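Scroll down for the structure; my scribbles are underneath it.
The values are calculated or read from the model by the stated rules, or taken from the named source; none is laboratory data. The structure presented is a predicted model; accordingly, all values stated were derived computationally and were not measured. Virtual Cβ from ideal backbone geometry, glycine too; neighbours counted across all protein chains shown. These accessible areas exclude ligands, DNA and RNA; they are computed on the full protein's heavy atoms, side chains included. Shrake-Rupley method; radii C 1.70, N 1.55, O 1.52, S 1.80 Å.
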Amino acid sequence: RENSRERKENRKVNLVDMKIIELSKKNENDVRIIFDTGEQLILSYEIFLKKGLRREMEIDEDLYNLLIDENRKFFVKLKASSLLSRRIHSIQELKLKLRKNKYDLNHIDEVISNFIQLGYLDDSKFASVFIDEKRRLKKWGNNKIKAELSKRGVKQTIIRELLESESTGEEDIQN
């Protein structure tokens, strides 16, 4: 038991005393970092640049863990951006899709909050587009639209407000 405890403590010391000995591009988007301990880390190029990493730089355990955390968050952001580039999503839809990819819930929440602040994610905009498309292309009535928007996590107040403001004045088509 003492040997395994010593090894764990030595590993912590190694993490504290790690020095970058080699940097290389893994591919167009990633950088491979090799430390003097033999430890390897693959980071997105964006995080690598943002943190100003360079050869011979000392990395302590806190910075190492921060790099890993920032990198994981970066990939959540990348996936969310990719999903939103295809079509507009409700907040709940995007969260569910990111959860299916097994991303950390804290990272998902942070990225979602950031996207809401930036205006990339807005349930009101989503619902407005959804209502327009379903009425125009599929001839859906208000009841079906309400049900589908509810399934996608849009608040009832938003649904009610938009359906009233975008009402066509025609009788609902029941589907």
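Observations on the model:
- Backbone phi angles across segment 85-100, fed through the Karplus curve with coefficients 6.51, -1.76 and 1.60 (θ = phi - 60°), yield HN-Hα couplings of 6, 7, 6, 6, 10, 7, 4, 5, 4, 5, 4, 4, 5, 5, 5, 4 Hz in residue order; Gly and Pro are listed as x.
- Neighbour net charge for residue 23 - beta-carbon separation under 14 angstrom, K R +1, D E -1: +2
- Charge-dipole axis of the chain as Lys and Arg at +1 and Asp and Glu at -1 on Cβ define it, positive-most pick from 117, 149, 103: 149
- Helical mean residue ellipticity (222 nm; -39500 (n - 2.57) per DSSP H run of 4+; nearest 500) of the chain: -19500 deg cm²/dmol
- Simple label model, 7 Å out from Cα along Cβ direction - residue 25 to residue 54, nm: 2.0 nm
- Segment 14-128 - percent relative contact order, Cα under 8 Å, separation 6 or more: 20 percent
- A crude spin-label estimate for the pair residue 96 and residue 83, with each label 7 Å from Cα along the Cβ direction, gives 1.0 nm.
- Share of carbon and sulfur in the accessible heavy-atom surface of the chain [1.4 Å probe, %]: 45 percent
- The structure-derived value of Cα Rg over 2.2 N^0.38 Å appears in the list [x] 1.78; [y] 1.10; [z] 1.52 under the label [z].
- Range in the chain, longest, excluding exposed GluC sites (Glu not before Pro) [loop by DSSP; at most 13 other beta-carbon atoms within 10 Å]: 57-169
- The residues of the chain have, on average, 66 Å² of accessible surface per residue, using a 1.4 Å probe with all protein chains present.
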